[in-house]
Structures are given as structure tokens and as C-alpha cells.
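S.K.: Pasting in a structure now, in C-alpha cells, and then I'll have a few things to ask.
What follows draws every value from the coordinates through simple rules; no lab data is involved. What you are looking at is a predicted structure, and each value in this text was computed from that prediction instead of being measured. Cβ sites come from the backbone with ideal geometry, for glycine too, and all protein chains shown count toward neighbours.
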2 protein chains.
Amino acid sequence: MKGTAELLKEHQLKVTPQRLKIVMMLKKHGHINIEDLYGEMLKEFPSVSLATIYKNINQMIDNGLIQEVKLPRSKSVYELIKDPHLHMVCDKCHKVEDVVVGTEKIIEEAEKLSGYIITESFITLRGICAECQATQ
Amino acid sequence: MKGTAELLKEHQLKVTPQRLKIVMMLKKHGHINIEDLYGEMLKEFPSVSLATIYKNINQMIDNGLIQEVKLPRSKSVYELIKDPHLHMVCDKCHKVEDVVVGTEKIIEEAEKLSGYIITESFITLRGICAECQATQ
DNA sequence: CCTTTTATGGAAAATATTTTTCCTTTAATA
DNA sequence: TATTAAAGGAAAAATATTTTCCATAAAAGG
């Protein structure tokens, strides 16, 4: 996995302790919402401000390092930008997972039917994850 | 198209002038955000409150009449619940359109890969609509 | 290294969004 | 109609996000 400081530099973001922590949290959790991110940050930076969280998240989005994932029935989470994938949300344990699925066919069909030129797709699936099915 | 008052009654919602207007707006526009809906409502009900808009939207969601559509880079819109479909958002004119595309294959593949039992899918595609391609 | 430049972090205030409360009015129904 | 339960609106409260301002820290050049 790429160095955290390098990631920031590649995206024209100054390397600061707060930003390093944010990116490390994203790497660790994969998906995290503002509230949880703030909670984690407070552990290491007891005086960190929510404004810092918001400002950094927005800059990281603007600079193409991360993206917001809007989820049905819950708060947005943020993730490092990587290869295209879709999101699975478990209705029981509320975890969010990535799945890499070919989306070419559905996009092709949608382009044909709508006349749009499609540049990006956002796919989220709700359901019950394997673990929660077992713990039923 | 089904009568507006009937739609409300079928979903256990009292028929009020404000609710009729909300549903008529949804029928007319297909997709509308809170701000625009409030603006439209004000034309007919100059003293309508944003609280009324929010309370009604939430009740309509709870009663299965409408659903929220969370969109990338913009505010959520609301729509009457109908057959499954995906959403196309134009990056130029920002309109939102429905497209009915078979999603079985992608869902089946995601279930296989993830082990989830999927109950619902949310698909939004960004791009440029046919009209905006022409007006280029 | 040390200095200069520029951006960042944090506190507080401002703004925006959504929900709740409380009371009057209205819709449903008998 | 009279009764009951729910809805609408005003205002306040709660929540979420952004902005401002200034001291501080990171980057870059000497």
C-alpha cells in the first residue's frame, strides 16, 4: 500500500499530522462517516476541531484523493478513491463493503436507452451480509 | 394515472390541500428537492411552513408513498415509488431522469461475490444527457 | 539550518438543514 | 352536525456544515 504522506503530496495536500491521521483512518476502516472520524481523531488530537475535519474532507474530495459515498437510510461515508466498485450495506450490522463487479453491461444498456454519455456510476445494494445470515 | 387523493388514502395519509399539492408536484416534476418543493408550495400556500414540508415528506416515506433519492454532488430529491429503475443525472443541466434497465445480472453477480442477500438496489449514473450533447 | 511564504488548525461565530413543541384548525367518521 | 384524531404553522430547538480570524506549522529557497 502506498505511503500515507506520499498520497497526500501526490494530491497537492500539505502533510500535517491531522491529515495523516485522517488518511490512515480511511485506510484502516475503508469507509467512515464524519462523526466516527471525529471520534477517532479526538483520541490522538484532543483539541481537534470539527471544522478541521470538514475542511480537510472537502479539500481531499476537491483534490481527488477521496470521495463521498451517499448511503440509503444512513449518513454518508468517505473512502479513498480506488478502482470502480459498488457498495454493499448490511441492514443488520450496518457495515459497508466494496464489491468489484463488472458494470459495463448495465451502463451500456442505460446509455442506449437514455441517450446519455455516462461518465461515472454509483451503485449501492442493501441486504444482509453473510455473517448476519449465519447469526440468525 | 391514479387519482392524487386516492394515492394518499391508499397510504393511510389524510387528504389535505398541502399534501395534494406535494403529490401533484411529484407527479409533475418526477423528482424534486426540498428547496424547490417549498418554493412551489409557497406560490399556492403563502404561509406554508418548511416544517410542514419536512413532516409530510417523512410521513410519505414512512408510509411507502415516496422515496428519497440521494444524488452525488447535489441535494436529495424525492419521487413517488414506482417500478424499479435507475437514475441518470446530467452534469450540465442537472436534470434527473429515470431509466428502466434490468439489474438482475449485476445483483446476481454481487450476491455471488459478496454472500449478501440483496433486497434493494440504488443505481445512479452521471453523464451528459442527449439534449446537452446536442447543445454543445 | 534559518528565513520567508503560504497554508493549516482551532475557537468561535455564522449559516444551513432538519426536527420538535405547542396550540389552533381541519379532515374523517359516525 | 358533533366528536376525535391528526395536520398545519410559528417558533424554538437540535443538528450539521461552513466561514472567519488569528496564531502556528509546513514547504521551499537561500
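S.K.: Suppose we consider the axis relating copy A to copy B; can you name the residue of A with the nearest Cβ and state that distance in angstrom as an integer?
M.R.: A:70, 2
S.K.: Distance in nm between label sites at residue A:11 and residue B:82, each 7 Å beyond Cα in the beta-carbon direction?
M.R.: 3.8
S.K.: Moving on. Using all alpha carbons of region B:86-134, what is the percent of pairwise distances in each 5 Å bin, ordered from the shortest bin to the longest?
M.R.: Over region B:86-134, the share of Cα pairs per 5 Å bin runs 5, 19, 23, 16, 13, 12, 8, 4, 1 percent.
S.K.: What does the copy distance list look like for residue B:45, label position 7 Å along Cα→Cβ, in nm and ordered from shortest?
M.R.: 4.5
S.K.: Given N residues in chain A, what is Rg(Cα) / (2.2 N^0.38 Å)?
M.R.: Output field value: 1.20.
S.K.: If you don't mind, there's one more thing I want to ask. If you wrap the protein assembly as shown's Cα atoms in a convex hull and average its projection over all directions, what's the area in nm²?
M.R.: 18.3
S.K.: Modelling each spin label as a point 7 Å along the Cα-to-Cβ direction, I'd like the residue A:38/residue A:62 distance in nm, to one decimal.
M.R.: Here the answer is 2.1 nm between the modelled labels.
S.K.: What are the label-to-label distances in nm, one decimal and shortest first, from residue B:83 to the same spot in the other copies, with labels 7 Å along Cα to Cβ?
M.R.: Those separations, rounded to one decimal, come out as 3.5 nm.
S.K.: Hey, for residue B:119 with labels 7 Å out along Cα-Cβ, what do the inter-copy distances come to in nm, ordered shortest first?
M.R.: So the distances to the same position in the other copies read 3.6 nm.
S.K.: So, one more: With +1 on the Cβ of every Lys and Arg and -1 on the Cβ of every Asp and Glu, and nothing else charged, how large is the dipole of chain A about its Cα centre, in debye rounded to the nearest 20?
M.R.: 480
S.K.: Treat every Asp and Glu Cβ in region B:4-80 as -1 and every Lys and Arg Cβ as +1, leave all other atoms uncharged, and give the resulting dipole magnitude about the Cα centre to the nearest 20 debye. Can you show the working numbers first?
M.R.: Values: 11 positive and 9 negative charges, 13 e Å.
Computed charge dipole of region B:4-80: roughly 60 debye.
S.K.: Could you give the size of the charge dipole of region A:86-134 about its Cα centre, using +1 on the Cβ of each K and R and -1 on the Cβ of each D and E, expressed in debye and rounded to the nearest 20?
M.R.: 200
S.K.: What per residue convex hull volume, in Å³, do the alpha-carbon atoms of region B:4-80 yield? Spell out each step's value before the answer.
M.R.: Values: hull volume 6.2 nm³, N = 77.
Per-residue hull volume (Cα only) is 80 Å³.
S.K.: Next question. Taking the dipole about the Cα centre of the protein assembly as shown, with the C-beta of Lys and Arg at +1 and of Asp and Glu at -1, give me whichever of B:80, A:64, B:50 is farthest to the positive side.
M.R.: Toward the positive end, the furthest listed residue is B:50.
S.K.: Now for a separate question. Considering every residue in A:83-91, what mean count of other chain Cβ atoms within 10 Å of its Cβ is obtained?
M.R.: Mean partner shielding for this stretch: 3.
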